[in-house]
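The values are calculated or read from the model by the stated rules, or taken from the named source; none is laboratory data. Everything quoted here is computed from the prediction, not taken from an experiment. Cβ sites come from the backbone with ideal geometry, for glycine too, and all protein chains shown count toward neighbours. Side chains included, ligands, DNA and RNA excluded: accessible areas come from the protein's heavy atoms. Shrake-Rupley method; radii C 1.70, N 1.55, O 1.52, S 1.80 Å.
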Amino acid sequence: MKSKTKLLVGIGVVIVIGILTVSLRSVNPSQNEEDIVYRETRVEYGDLTVGITEETTVEIGTLEQRFDLDISALVDGSSTSNSQTIVGAMSGEFGGTRNSNTGMMSFGSLYMDSPASQSQSLEVADVKIAVGQEIKEGDLLYTLTTESVDEIREALSEDIDDTKADYETLQVEQEESRIQAQQGYDTYVTNGKYANVIYTNALKVYQDAVDDAVKAVDDKQNTYNEKLLELAELQDEYDEVLALLHEAQGAVSENYEGRFENAYYYTVYLNTKDTAQKLADQFEEEIDSMNEELEQLSLDIQVAVRTMNQCQLDYEKAKLDLGQTQDIDIYYADKASEWYRIQTASLDNELSSAKSHYDTAVKKLAEFDSFVQNNSIFSEYSGVVTEILLAEGDTLSGGSSLVVLNNQETVTMDVALSEDDYNAIDKTGTVNIVFTAYPNGIFSGKITDVSDAEYDNNSGSLYYTVTVTIQGEVSGLYEGMTGDVTFVTKERKQVCYVSNRAVIREGTKSYVKVRDNDENILKQEITTGFSDGINVEIIAGLSEGDIVLIESKVGET
């Protein structure tokens, strides 16, 4: 690895040297003398730099333009109408179905796959570029056959129509589902609001039945008790009649000796006996009837008690059932907002999905039209064509390569630097480049890549390969062009400077020659500073724009 060091003026400095040559000569042609010649130079203002310079060549990268539109995916999986068809929607009171075990709502939409379209391709009709041709972004590369372009565009347009129809149809179909969801929400909220009133009123019916049944038992029992009292009174009266009858029977009995002594009493007892017998018979009938009535009342009481017990059982069962219904209504009322939100969100998702399919179909046609304009394919880059990858009759598919160009945006120069030189340079600063073909111009570069350290067998030392990417306008650069790349190691920014050749040094002092107003040449003391080997910094004694003289001697015969 061979290295050389050069001193160059830093980036951004334009050295303007006005040269006016004035000869002061002796007019005697017969003598040999040295003529003194002066050139004028101007004090400039700018940057002075010192760096490490290496000669290397230009490398220009390449750009490959590809047809990144996947025609097969674009057409085959384009839309809902070609890939999925909505065949079901939500049902039930709340737009869904309730799980019998949990009471929760469930809903969803069904999709069925339908056949997709077959793959399509684009066919090249004509090639419009040639190798070595310089083209600009937007230049025509290929034309395509009208038939192949129209076939794909027609399929994509149909897809837009189908997905739009699906979207609009779903909007109409969902109106009923949304109404059902709102009605279900309102029903659950209302039921929850009046759940306690409904529970109380419904349970009151059963409580009233129990109360009526208890009252019926009490009424029957009271009637039975009253009849028992009546029977007891009737029995007492019957006993009294029997006693009277027994007494009257004794008075008129054939065994009674005194029955004929008093005919009046005999007749009275005889009448009494008949009357008492009739009364006794009547009481017996009433007692029998009363016993039958009591027996029937006893049966009625048993029936009333059973009825009362059943009403009480019905009441307890109704209390549980109505309580559960009340709890469910309150629960549903609490969940109504959440279920309504889920329900409408599901509808929104379906509608959004259908809208997304439509938007995708529109986007795909727009994407296709952005790749294929007027049955043509245009360049995305500027550069020189190095390779044409398609011919007439070829077909395009996703990922097909179209053309390879020189990439003017990646013009680089690789430089090998020793380890010491690499450590000395400014790795983030500007790199100055002077090309052999453009000796008066300075290009700027930037370090964009550095290799790992490598070992040089010849020198026995390490070196790095530094990649410099040229910045700015590079249209005049070509592959293999040579130039000097300077990496800055020291720099003075925005200082006055003048050519080293104009400075006269005498001991520790420095001077320049200038002209006074009468065109006399005078020495003027200056203070100098940093020098890049060509120019020197002026610290004092001169200002930007001052004219100084560079002296040289020319021998003549």
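Condition check ((1) within 27 Å of residue 123 (Cβ to Cβ); (2) not aliphatic (A, V, I, L, M)) across all residues:
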{"residue": "381", "(1), (2)": "yes, yes"}
{"residue": "385", "(1), (2)": "yes, no"}
{"residue": "394", "(1), (2)": "yes, yes"}
{"residue": "397", "(1), (2)": "yes, yes"}
{"residue": "406", "(1), (2)": "no, yes"}
{"residue": "411", "(1), (2)": "no, no"}
{"residue": "415", "(1), (2)": "no, no"}
{"residue": "424", "(1), (2)": "no, no"}
{"residue": "430", "(1), (2)": "no, yes"}
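Among the residues of the stretch 404-422, is there at least one that is of a type in the set (Phe, Trp, Tyr), surrounded by fewer than 19 Cβ atoms within 10 Å (Cβ to Cβ) and over 21 Å from residue 62 (Cα atoms)? No, because not a single residue in the stretch 404-422 is of a type in the set (Phe, Trp, Tyr), surrounded by fewer than 19 Cβ atoms within 10 Å (Cβ to Cβ) and over 21 Å from residue 62 (Cα atoms). Being part of a helix (DSSP H, G or I), buried (at least 19 other Cβ atoms within 10 Å of the Cβ), among the small types (Gly, Ala, Ser) and in contact with a Phe, Trp or Tyr (Cβ under 6 Å, 6 or more places away or on another chain) holds for only one residue in 192, 184, and it is 184. If only residues of the stretch 503-557 that are loosely packed, with under 11 Cβ neighbours inside 10 Å and of a type in the set (Ser, Thr, Tyr) are counted, the one that is nearest to residue 46 (Cα to Cα) is 543. Restricting attention to the stretch 441-491, the residues that are in a strand (DSSP E or B) and closer than 20 Å to residue 420 by Cα total 24. Has the stretch 157-164 got at least one residue that is open to solvent by 90 Å² or more (accessible area, probe 1.4 Å), farther than 30 Å from residue 67 by Cα and either of a type outside the set (Val, Ile, Thr) or within 39 Å of the chain's Cα centre (by Cα) (or both)? The answer is no; no qualifying residue exists. Residue by residue through the stretch 288-341, note down the ones that are open to solvent by 90 Å² or more (accessible area, probe 1.4 Å) and touching a Phe, Trp or Tyr at 6+ places or on another chain (Cβ under 7 Å). Selection gives nothing. If only residues of the stretch 366-400 that are open to solvent by 30 Å² or more (accessible area, probe 1.4 Å) and assigned to a strand (DSSP E or B) are counted, the one that is nearest to residue 138 (Cα to Cα) is 378.
Pairing residues of the stretch 468-488 that are open to solvent by 20 Å² or more (accessible area, probe 1.4 Å) with residues that are among the aromatic types (Phe, Trp, Tyr) and not in a loop (DSSP other than H, G, I, E, B), at Cβ distances under 9 Å and at least 6 apart in sequence or on separate chains, gives 471/443; 472/443; 473/443; 476/435; 476/438; 481/435; 482/435; 484/435. Filtering the stretch 191-234 to residues that are touching a residue at least 12 places away in the same chain (Cβ under 8 Å), more than 15 Å from residue 318 (Cα to Cα) and within 47 Å of the chain's Cα centre (by Cα) leaves 191, 192, 193.
Restricting the first member to the stretch 317-345 and to residues that are closer than 21 Å to residue 183 by Cβ and of a type in the set (D, E, K, R), and the second to residues that are in a helix (DSSP H, G or I) and open to solvent by 60 Å² or more (accessible area, probe 1.4 Å), the beta-carbon pairs closer than 8 Å and six or more apart or on different chains are 329/198.
Here the condition is being among the charged types (D, E, K, R), modelled with pLDDT of 90 or more and under 29 Å from the mean Cα position of the chain (by Cα); of 387, 350, 392, 295, it holds for 350 alone. Scanning the stretch 364-383 turns up no residue that is modelled with pLDDT of 90 or more, closer than 30 Å to residue 203 by Cβ and small (Gly, Ala, Ser).
Restricting to the stretch 492-502, name every residue that is out of contact with any Leu (no Cβ under 6 Å at 6 or more places or on another chain) and assigned to a strand (DSSP E or B). Working first, answer last.
Here is the first cut: in the stretch 492-502, the ones out of contact with any Leu (no Cβ under 6 Å at 6 or more places or on another chain) are 493-496, 498-502.
Selection gives 493, 494, 495, 496, 498, 499.
When residue 557 is tested against (1) of a type in the set (Val, Ile, Thr); (2) modelled with pLDDT under 90; (3) in contact with a Ser or Thr (Cβ under 7 Å, 6 or more places away or on another chain), exactly one condition is not met: (3).
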